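The values are calculated or read from the model by the stated rules, or taken from the named source; none is laboratory data. These numbers were taken from a predicted model, which means no experiment stands behind them. Cβ coordinates were reconstructed from backbone atoms using ideal geometry, including for glycine residues, and neighbour counts include every protein chain displayed. In case anyone asks, the SASA skips ligands and DNA or RNA and just uses the protein heavy atoms, side chains included. Shrake-Rupley method; radii C 1.70, N 1.55, O 1.52, S 1.80 Å.
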Amino acid sequence: MLPLLSSMDSIHKLLNVVLPLVSLFSLFFFLPAILLFKISSSISRSVFNENISGKIVLITGASSGIGEHLAYKYAKGGACLALMARREKRLEAVADKARRLGSPDVIVESGDVSKVEDCKRFVDAALNHFGRLNHLVNNAGIAPLCLFEDANNVEDFSPIMNINFWGSVYCTHFAIPHLRKSRGKIIVIASMAQWLPIPAVSIYSASKGALVSFYETLRTEVGSDIGITIVTLGLVDSEMTRGETAGRDGLPVESTEGCTKAIFKSICRGDKYLIEPAWVRMIYLWNLLCPEAIESFIRWVLITRLNNNSNPNPNSGQLKAD
């Protein structure tokens, strides 16, 4: 056994030296071809946009914010909608507007995505009414603001993971067989918090990181049968941000309408990834190349204000996305 382990260690030492050199050479040599492929692929997707007229679209967290405005975008394109959220009256108002904007048929179903039985009911309701499913938009989420060490009870963080992560996973599990039949799409609403160390949203960041990891792995499992678009957002004007972070820290906030317009275009193009707004990509690059600088900057800008305005209870400051 020891000679075998020693041999494996030697292989690792060799790979530590050889593989980076080979990778750098290959990247330099093939970079023009890679860029050409990406550009041509992007142009092709832009030219051959999906026609969503008559498509059946299930949207979670559809009573406000991004979910609500995506419903309007789909409605203008002639899609039929199944809208899901906890607030039934708000859903009915969104459904009425979606019908006026051009959706041929809209149903609403109230419930909680953190409950597996509700997620099954959501999907079953869409299938029973429309007979098929083309798009699943996993949008429902919450984003409480609380420094981790200030929490009175660490179990209070559980709803964040239950809604943001498991809510999407549950709906996806029940929808996958039907999306395979229609060669449909899954749209995942993530956040730059998945890779940016923003104070007071540690568990929220973890839930979005788990979400992205899950859907990237799922993409390899389902192959080309189901398209998966992972949307990474910056700070967007919605119920999750309004009054809590927008304006208070001088952070640039994108309008919900502008954000959903970009998301909808990306969905129709069939993109695998969207970062919105586009300038957030530069933050990702800086965080990749120099994470120490980004961490220091964020602490300098945010941590003092968060300490002065900290909310020790993650539930009392909880903001709803649906």
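Report yes if Ala193 is farther than 23 Å from Asp225 by Cβ, among the small types (Gly, Ala, Ser), part of a helix (DSSP H, G or I) and open to solvent by less than 10 Å² (accessible area, probe 1.4 Å), otherwise no. Break it down stepwise before answering.
Working: farther than 23 Å from Asp225 by Cβ: yes; among the small types (Gly, Ala, Ser): yes; part of a helix (DSSP H, G or I): yes; open to solvent by less than 10 Å² (accessible area, probe 1.4 Å): yes.
Here the answer is yes, as Ala193 does meet what is asked.
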Query raised in the report: Are there any pairs with C-beta distances below 8 angstrom linking a residue in segment 81-110 that is within 20 Å of Asn128 (Cα to Cα) and among the hydrophobic types (A, V, I, L, M, F, W, C) to a residue that is open to solvent by 70 Å² or more (accessible area, probe 1.4 Å) and modelled with pLDDT under 95, with the two at least 6 apart or on different chains, and if so which?
Result: Val108/Glu88
Report summary line: Of the residues in segment 250-303, those that are surrounded by 15 or more Cβ atoms within 10 Å (Cβ to Cβ) and among the acidic types (Asp, Glu) come to Glu254, Asp271, Glu276
**Report entry** Of the criteria (1) surrounded by fewer than 21 Cβ atoms within 10 Å (Cβ to Cβ); (2) touching a Cys at 6+ places or on another chain (Cβ under 8 Å); (3) assigned to a helix (DSSP H, G or I), which one Asn49 fails
**Finding:** (3)
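Going by what's in this entry, would Val188 be described as part of a strand (DSSP E or B), closer than 17 Å to Ser213 by Cβ, touching a residue at least 12 places away in the same chain (Cβ under 8 Å) and of a type in the set (A, V, I, L, M)? Spell out how you get there, then give the answer.
Details: part of a strand (DSSP E or B): yes; closer than 17 Å to Ser213 by Cβ: yes; touching a residue at least 12 places away in the same chain (Cβ under 8 Å): yes; of a type in the set (A, V, I, L, M): yes.
So Val188 fits the description; yes.
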Report task. Taking only segment 172-190 into account, find how many residues are open to solvent by 10 Å² or more (accessible area, probe 1.4 Å) and in contact with a Phe, Trp or Tyr (Cβ under 9 Å, 6 or more places away or on another chain). Result -> 1
Query raised in the report: Under 6 Å by Cβ, and 6 or more places apart or on different chains, what pairs join a residue from segment 164-181 that is within 15 Å of Val212 (Cα to Cα) with one that is of a type in the set (Ser, Thr, Tyr) and outside any helix (DSSP H, G or I)?
Result: Gly167/Ser114
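Out of the residues in segment 52-72 that are assigned to a helix (DSSP H, G or I) and not acidic (Asp, Glu), which is farthest from Val113 (Cα to Cα)? Break it down into steps so the answer makes sense when it comes.
Looking only at segment 52-72, we keep the residues that are assigned to a helix (DSSP H, G or I), and these are 65-72.
From what's left, not acidic (Asp, Glu): 65-67, 69-72.
Values: Gly65: 17, Ile66: 16, Gly67: 14, His69: 19, Leu70: 18, Ala71: 18, Tyr72: 21 Å.
For segment 52-72, the residue satisfying everything is Tyr72.
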Report summary line: Of the residues in segment 109-127, those that are over 9 Å from Ala175 (Cβ atoms) and of a type in the set (Gly, Ala, Ser) come to Ser110, Gly111, Ser114, Ala125
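Yes or no: Ser44 modelled with pLDDT under 75, small (Gly, Ala, Ser) and open to solvent by less than 70 Å² (accessible area, probe 1.4 Å)? Give the derivation first.
Working: modelled with pLDDT under 75: yes; small (Gly, Ala, Ser): yes; open to solvent by less than 70 Å² (accessible area, probe 1.4 Å): yes.
It is true that Ser44 is modelled with pLDDT under 75, small (Gly, Ala, Ser) and open to solvent by less than 70 Å² (accessible area, probe 1.4 Å).
Let's see how each residue does on (1) under 21 Å from Ser238 (Cβ atoms); (2) modelled with pLDDT under 95:
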site: Ile107; (1), (2): no, no
site: Ser114; (1), (2): yes, no
site: Phe130; (1), (2): no, no
site: Val137; (1), (2): yes, no
site: Ala143; (1), (2): yes, yes
site: Trp166; (1), (2): no, no
site: Phe174; (1), (2): no, no
site: Ile187; (1), (2): yes, no
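Does Ser205 fit the bill of being open to solvent by less than 30 Å² (accessible area, probe 1.4 Å), assigned to a helix (DSSP H, G or I) and touching a strand residue (DSSP E or B) at 6+ places or on another chain (Cβ under 6 Å)?
Values: open to solvent by less than 30 Å² (accessible area, probe 1.4 Å): yes; assigned to a helix (DSSP H, G or I): yes; touching a strand residue (DSSP E or B) at 6+ places or on another chain (Cβ under 6 Å): no.
In short, no.
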